[in-house]
1. Order these by the 10 Å Cβ neighbour count, fewest first: Thr445, Thr146.
2. Based on the mean of other Cβ atoms within 10 Å per residue, sort peptides 237-243, 212-218 so the most packed one is first.
3. In nanometres, what is the gap between the two model label sites at Ser278 and Ala348, each 7 Å from Cα along Cα-to-Cβ?
4. Can you pull the one-decimal nm distance between simple spin-label points at Leu173 and Ala478, each 7 Å off the Cα toward Cβ?
5. Taking 0.36 nm per intervening residue step and subtracting the Cα-Cα distance, what contour gain separates Asn240 from Ser129 on full extension?
6. Between His87 and His468, 0.36 nm times their residue separation minus their Cα-Cα distance comes to what?
7. Calculate the FRET efficiency for Val94 and Ile390 from the Cβ-Cβ distance with a Förster distance of 30 Å, rounded to the nearest 0.05.
8. What is the gain in length, in nm to one decimal, between Tyr444 and Tyr310 on full extension, counting 0.36 nm per residue of separation less the C-alpha to C-alpha distance?
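Every number here is computed from the coordinates shown, using simple stated rules; none is lab data. Keep in mind that what you see is a predicted model, and the values were worked out from it rather than measured. Cβ placement follows ideal geometry from the backbone for every residue including glycine, while neighbour counts extend to all protein chains displayed.
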Amino acid sequence: MRRFGKRWIAAVLVAIDILVGAGLVCAQDQQPEDASKPKPAARAYPPVGYPDQNPNGEQDSTLPLQPDTRPLTGVQDPTLGSPELGHSFWVPGVQYHNIAGSTALNQTSASGWNSTSYLVGNISLLKASSNSQLSVNYSGGGYFSTNSVEGNGQFHQLALVQAFKWRRWQLSLIDQFSYLPESSFGFGLGTGISIPGIGGSLGSVLSGLQGTYQPNQSILTSIGARYNNSFTTQVVYALNRRSSINVAGSYGILRFVKAGNIDSDDVIANVGYNYLISKKDSIGVLYRFSEYRYIGNAQVLDDHAVHAAYGRKITGRLALQLLGGPEITTFRIPVRGQTRRVSPSGSATLSYAWGANNLSLTYSHGVSNGGGAQVGANSDQVQTGLDRQISRYWHGNINFGYARNEGLGNFSGLSQNAQVFDSYYVGGGLGRPLGRNSTLLLGYTARIQTSNQAVCAAGTCSTSYTQHQVSVGFSWHARPFGL
């Protein structure tokens with residue numbers, strides 16, 4: 001950890017040096033006509049239970065959108081655009097949800113249902129000025145379970161983005177933190193507790209980090225409470241009206257409260273070049289370096305990826321990002337006699353809106369930290385969701401996720417065969433407004449995992465795991481308070 005501290009201090013000093021240089025260059029640049037306008041929060045279509053409502057419960061989709069100008073090879077997810085929000089505000093809210101679940105993985109019995117109640121407080125804040133914007137979304141509270149093993153506890157989620165813009169330069173400081181009682185993969189679907197803040201357009205949501213820049217948590221059998229944090233700094237410089245370069249650095253941690261899981265750290269850096277070939281299409285090239293270290297384990301993974309990129313954006317309609325290329329992974333401790341591995345990697349992100357429907361899809365393939373169960377893994381992950389305004393009052397969605405994590409090698413001495421985990425979630429939900437600021441929520445989720453080797457938890461060993469969850473909840477938020 002001492003070496004990480006030195007590296008992090010060095011990274012901060014480099015970032016300061018870049019900013020000082022930026023200020024000197026900015027003094028010589030000419031001010032574009034629209035540079036004085038603050039960039040508002042990125043458009044994020046609300047999940048089930050958080051439609052933008054008027055007093056009659058109808059969806060309000062009249063907000064004009066500004067184009068998403070984030071770099072193609074940057075660290076944030078592309079969006080459909082940004083709503084015209086001309087003021088700063090903060091909004092508090094509360095939620096209550098009860099989730100009835102079939103046998104949890106940490107139960108010693110083979111069958112039985114339990115009930116877990118979540119009492120949540122939310123706050124979303126947007127503070128904008130002529131050349132900066134701060135967005136904060138937080139949710140936290142306690143849960144109370146009839147499962148004696150899980151018991152009672154607390155959980156917290158925070159998403160913070162501080163963005164600055166000077167003429168040709170942009171600086172973004174992004175932090176995402178969570179403390180959850182279980183894996184975030186499929187957590188809280190249909191309830192609204194899966195995202196920080198109050199949700200909807202008032203959630204002041206800025207585009208979040210892509211999954212590549214966050215610790216992998218897609219193995220469901222990495223049981224127990226865990227906390228993770230990813231802090232990322234990104235600098236973008238516009239070379240001219242068509243091209244730009246971006247540089248970013250990220251540091252992330254994944255820690256488990258219970259023994260038997262694998263804690264990890266990651267350091268990620270990238271540099272990208274972007275070029276607009278038309279008003280809608282862009283291309284680019286990206287180099288990304290990732291280093292994965294493990295607490296109590298001497299193994300270190302250094303990963304190098306070079307990706308070609310293509311993007312297409314139609315404001316309010318389509319946001320597409322495709323990246324792909326080779327990936328080279330080196331091992332400090334040889335794996336099966338080898339210290340280097342070459343493989344393909346890539347990712348895809350799609351947001352598409354038509355009529356009353358909103359479709360989202362993300363896919364990634366490449367080396368990850370191992371999800372708390374492995375010292376490095378070759379991971380595939382796909383998540384998709386479809387939101388629809390079903391009627392005047394009812395809003396619904398369906399969601400599906402799949403992750404495959406295959407160990408890169410044997411580090412524990414238990415087996416020469418790499419362990420493979422296949423994790424799934426599938427579910428849906430309905431939301432109905434109960435006035436302007438409150439919503440009734442109903443949801444169902446199934447979480448499934450299979451493995452080629454038995455997984456033991458709480459004295460029970462199995463190669464498969466299935467849990468059903470049925471939820472009902474209520475959310476309320478106040479009117480926005482101006483700043």
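1. Details: Thr445 23, Thr146 14.
Listed from fewest to most nearby Cβ atoms, that is Thr146, Thr445.
2. On the way: 237-243: 13.0, 212-218: 24.9.
By packing density, highest mean first, the sequence is 212-218, 237-243.
3. 2.0 nm
4. Modelled inter-label distance: 2.7 nm.
5. Numbers: separation 111, 0.36 × 111 = 39.96 nm, distance 2.47 nm.
Additional length available on full extension: 37.5 nm.
6. Details: separation 381, 0.36 × 381 = 137.16 nm, distance 4.28 nm.
Between His87 and His468, full extension yields an extra 132.9 nm.
7. Numbers: r = 26 Å, r/R0 = 0.85.
Computed FRET efficiency for Val94 and Ile390: 0.70.
8. Details: separation 134, 0.36 × 134 = 48.24 nm, distance 3.59 nm.
Extra length from Tyr444 to Tyr310 when fully extended: 44.6 nm.
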